[in-house]
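Report on one structure; see the data block that follows.
The values are calculated or read from the model by the stated rules, or taken from the named source; none is laboratory data. Remember, it's a predicted structure, so these values are computed and weren't measured experimentally. Reconstructed Cβ throughout: ideal geometry from the backbone, glycine too, with neighbour counts over all protein chains shown.
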Amino acid sequence: MTESLYTHAGGIVVRFEDKRPQYLLVRSSTDPSRWIFPKGHIEPGESPKMAALREVREEAGIEADIISTLCESNFTKETERVRVLYFVMRYRESSHALEDREVKWCSYEEAISAISFDDAREVLRKANTFFHSPRKEDL
């Protein structure tokens, strides 16, 4: 994955409750009826990792640590071709969100139902597979 090809970066943030992953979702700023993963434009001079961490902090008020690159997602929004690089992240702590968005933590089943877009559901499936692979129980 060549990082310069991406327009956006995002984070799939997880915390564990009773050894079960809980996934972070935020309300979309353009359509608050939709639940999405935190993501946004990669700013000039910013790496995708830096952008993903910033977007999670700004949109959700969550400080997280990147565990791994997860996947890319491509879609068109109006006339813009969007190429998102997603990272799986571990929740560290809550902080102050710069954007006024509702956030929620969901089980896999709750998140797959709440997410509006097929591409985002596929990203969640990949994240869930990642967290259920061997040696991820210690995260």
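Structural remarks
- Residue within the stretch 52-63 that is surrounded by fewer than 20 Cβ atoms within 10 Å (Cβ to Cβ), out of contact with any His (no Cβ under 8 Å at 6 or more places or on another chain), at pLDDT 95 or above and assigned to a strand (DSSP E or B) present: yes
- Of the residues making up the stretch 95-118, those that are surrounded by fewer than 16 Cβ atoms within 10 Å (Cβ to Cβ) and modelled with pLDDT of 85 or more are 102, 104, 107, 109, 110, 112, 113, 116, 117, 118.
- Residue tally, condition among the polar types (S, T, N, Q) and not in a loop (DSSP other than H, G, I, E, B), over the stretch 14-51: 1
- Residue among 96, 41, 8 that is under 24 Å from residue 129 (Cα atoms) and touching a helix residue (DSSP H, G or I) at 6+ places or on another chain (Cβ under 9 Å): 8
- Single match in 68, 113 (criterion: over 14 Å from residue 39 (Cα atoms) and assigned to a helix (DSSP H, G or I)): 113
- Conditions (1) modelled with pLDDT under 90; (2) surrounded by 15 or more Cβ atoms within 10 Å (Cβ to Cβ); (3) touching a Lys or Arg at 6+ places or on another chain (Cβ under 6 Å); (4) not aliphatic (A, V, I, L, M): number failed by residue 131: (3)
- Filter result for residue 92 (surrounded by fewer than 16 Cβ atoms within 10 Å (Cβ to Cβ), touching a strand residue (DSSP E or B) at 6+ places or on another chain (Cβ under 8 Å) and farther than 18 Å from residue 15 by Cβ): no
- Considered as a group, the residues in the stretch 68-89 that are under 12 Å from the mean Cα position of the chain (by Cα), more than 18 Å from residue 25 (Cβ to Cβ) and of a type outside the set (S, T, N, Q) include one that is surrounded by the fewest Cβ atoms within 10 Å (Cβ to Cβ), and that residue is 72.
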